[in-house]
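The values are calculated or read from the model by the stated rules, or taken from the named source; none is laboratory data. Keep in mind it's a predicted model, so treat the numbers as computed, not measured. Glycine also receives a Cβ, built like all others from the backbone with ideal geometry; neighbour counts cover every protein chain displayed. The area values use the complete protein model at the heavy-atom level, side chains included, leaving out ligands, DNA and RNA. Shrake-Rupley method; radii C 1.70, N 1.55, O 1.52, S 1.80 Å.
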Amino acid sequence: MIIDCHGHFTTAPGGLQAFRDRQLARLIDPALAAPTLRIGDDQLRETLEANQIAQQRARGIDMVIFSPMAGGMSHHSGPESTSIEWTRICNDLIHRCVTLYPDRFAGVCQLPQSPGVSPANSVAELERCVTELGFVGCNINPDPTDGFWRDPPLTDRSWYPFYEKMVELDVPAMVHVSCSCNANFHGVGAHYLNGDTTAFMQFLTSDLFSDFPQLRFVIPHGGGAVPFHWGRYRGLAQDMGRPPLGEHLLQNVFFDTCVYHQAGIDLLTRVIPADNILFASEMIGAVRGIDPETGRTYDDTKPMVENSALSAADKEKIFSGNALRVYPRLAPHIAAAQSGAMP
């Protein structure tokens, strides 16, 4: 089985953006009518079949862990109440996609984060999505200011009530920024990779996993700068008196394969243990063009993993075994979908 741990609903029907536009417009003119989401199941089928599912079939991917579009989370927009409403709309739409195609998708939720607001306020939505909607994980934005980094780090104790709920529900989080409002940082070319690298360094300098040994994070996009500078991070940990990275972080931190060239995949798989890598492509995401060097889309990462020097056993871990281990609720979802027993 091939499990892609990193998928976003980037092709949602236009009705979703129309809802968002009206929602934000009402912040300026409260007299405007409240927005209503108007997206039928046939519209969802049409866009999913023509896009994500078509790509899954073409690439031989069996299951995608699916979440709202990361850039659309836009946690800086409006007050907390706006984020709560928008988050529920987006998560409910993902649930509808999963309900239509449970054999193709498993849900992951965005959170109703808002600048200056305690992460504990996101506990209720996480619990709703996991216990009521059957989601298998969540996405955490380490920078709800969307480019200005004014909130406390992921290791701050204000996060602890949320982490307690993650452990209770036995779900992991993918660390994923949203859009960039800072002109110094291009969204997908800089801000995303900065977020990945920053989160890893926050974990390195903390005792978070001593307090929460069962906590699990997936750092996407191959870990940003981390694999390329592994020696730097090993040295920093050593200089700070931290344990070796394998002991300090690699029981809790994992990386995905959203790295869009063979040399990058080769580096990732040489530096990071196979037990800590999950297959991902982020198909129909940040990079959608054809690579003239390969003739394939840049985000078609499956052949790159197949062409790596890894053993067959390690490739199997990356393609499915690790995802099933990191996302314990995924196996029951797959079993229910295959048996036709989905609620």
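Note on segment 31-71: residues that are farther than 30 Å from GLY147 by Cβ and within 17 Å of the chain's Cα centre (by Cα) total 1.
Just to be sure I understand the filter: pairs with C-beta atoms under 7 Å, separated by 6 or more residues or on different chains, first member in segment 176-191 and at pLDDT below 95, second member β-branched (Val, Ile, Thr). Which pairs pass? Note: pairs meeting the criteria are HIS191/VAL177. You will find that of THR82, THR11, the residue that is buried (at least 16 other Cβ atoms within 10 Å of the Cβ), farther than 16 Å from ASN139 by Cα, in contact with a helix residue (DSSP H, G or I) (Cβ under 8 Å, 6 or more places away or on another chain) and β-branched (Val, Ile, Thr) is THR82 and no other.
Taking THR269 as the residue in question, decide whether it is out of contact with any strand residue (DSSP E or B) (no Cβ under 6 Å at 6 or more places or on another chain) and open to solvent by 60 Å² or more (accessible area, probe 1.4 Å). No, not satisfied.
Among the residues of segment 49-60, none qualifies, meaning not one is open to solvent by 20 Å² or more (accessible area, probe 1.4 Å) and either of a type in the set (Ser, Thr, Tyr) or touching a His at 6+ places or on another chain (Cβ under 8 Å) (or both). Contact annotation: residue pairs with Cβ atoms under 8 Å, 6 or more positions apart or on different chains, pairing a residue in segment 153-174 that is among the β-branched types (Val, Ile, Thr) with a partner that is modelled with pLDDT of 95 or more and not in a loop (DSSP other than H, G, I, E, B), are THR155/GLN202; THR155/PHE203; THR155/LEU208; VAL171/LEU126; VAL171/VAL130; VAL171/GLY137; VAL171/CYS138.
Residue by residue, here is whether (1) open to solvent by 60 Å² or more (accessible area, probe 1.4 Å); (2) touching a helix residue (DSSP H, G or I) at 6+ places or on another chain (Cβ under 8 Å); (3) at positive phi holds:
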site	(1), (2), (3)
THR297	no, no, no
VAL305	no, yes, no
ARG325	yes, no, no
GLN338	yes, no, no
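Hey, could you check segment 267-293 for residues that are out of contact with any helix residue (DSSP H, G or I) (no Cβ under 8 Å at 6 or more places or on another chain) and modelled with pLDDT of 95 or more and say which is nearest to MET1 (Cα to Cα)? Step by step, filter segment 267-293, then rank; the result is ALA280. Of the helices (runs of 4 or more DSSP H) contained entirely in segment 27-83, those carrying at least 2 residues that are over 22 Å from VAL130 (Cβ atoms) and out of contact with any Pro (no Cβ under 6 Å at 6 or more places or on another chain) fall at 41-50, 52-59.
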